[in-house]
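Beneath this line is the structure, given in structure tokens, with notes to follow.
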């Protein structure tokens, strides 16, 4: 039942069946919380809020925590990258975090690369697959490059993004 329908039935039940109305309002509260959580998750998939507020390190740590993986984040860059560049790195790391199991260690390294580029490398224990994914298309759309190496006991997603175009 949709939120509006639950509210309408609850409103109609207040006088005749207060217990049923209360149960419906409790259900409405639960459904509203679920909808808000889903909306926050969707918004974070479009543009993670901590990228601007806390930077790439904070958002990577939060993403690893949400995914339940052990991650070491090592960012050694002179300046904060533009949001679209940070977002591309973030989504590549998120893809690895979401495919890794809870006991899979993941290391994310971001550093100043050659010729005004930002270089990144995401290493995970285990073979998480080498198929191309949407985050990699994001890197290439920004003029960057990405390679995926998977097999045996390790998966690495590495790439670089130009800081100016």
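Below is a table of values for the structure above.
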read-out: Residue match in segment 120-127 (condition: free of Cβ contacts under 8 Å to residues at least 24 places away in the same chain and crowded, with 17+ Cβ neighbours inside 10 Å); value: no
read-out: Single match in 62, 35 (criterion: under 30 Å from residue 138 (Cβ atoms), assigned to a helix (DSSP H, G or I), in contact with a helix residue (DSSP H, G or I) (Cβ under 8 Å, 6 or more places away or on another chain) and free of Cβ contacts under 8 Å to residues at least 24 places away in the same chain); value: 62
read-out: Meets criteria (in the same structural domain as residue 152 (by TED's automatic domain parsing) and in contact with a helix residue (DSSP H, G or I) (Cβ under 6 Å, 6 or more places away or on another chain)) for residue 117; value: no
read-out: Test: residue in segment 95-115 that is part of a loop (DSSP other than H, G, I, E, B), surrounded by 13 or more Cβ atoms within 10 Å (Cβ to Cβ) and without any contact (Cβ under 8 Å) to a residue 12 or more places away in the chain; value: no
read-out: Single unsatisfied condition, residue 142 versus (1) within 19 Å of residue 56 (Cβ to Cβ); (2) out of contact with any helix residue (DSSP H, G or I) (no Cβ under 7 Å at 6 or more places or on another chain); (3) surrounded by fewer than 19 Cβ atoms within 10 Å (Cβ to Cβ); (4) modelled with pLDDT of 90 or more; value: (2)
read-out: Odd one out for residue 159 among (1) out of contact with any helix residue (DSSP H, G or I) (no Cβ under 8 Å at 6 or more places or on another chain); (2) more than 30 Å from residue 37 (Cα to Cα); value: (1)
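The values are calculated or read from the model by the stated rules, or taken from the named source; none is laboratory data. Predicted model only: the values in this text are computed from it and were never measured. Positions of Cβ are generated from backbone atoms using ideal geometry, with glycine treated the same way; all protein chains shown enter the neighbour counts.
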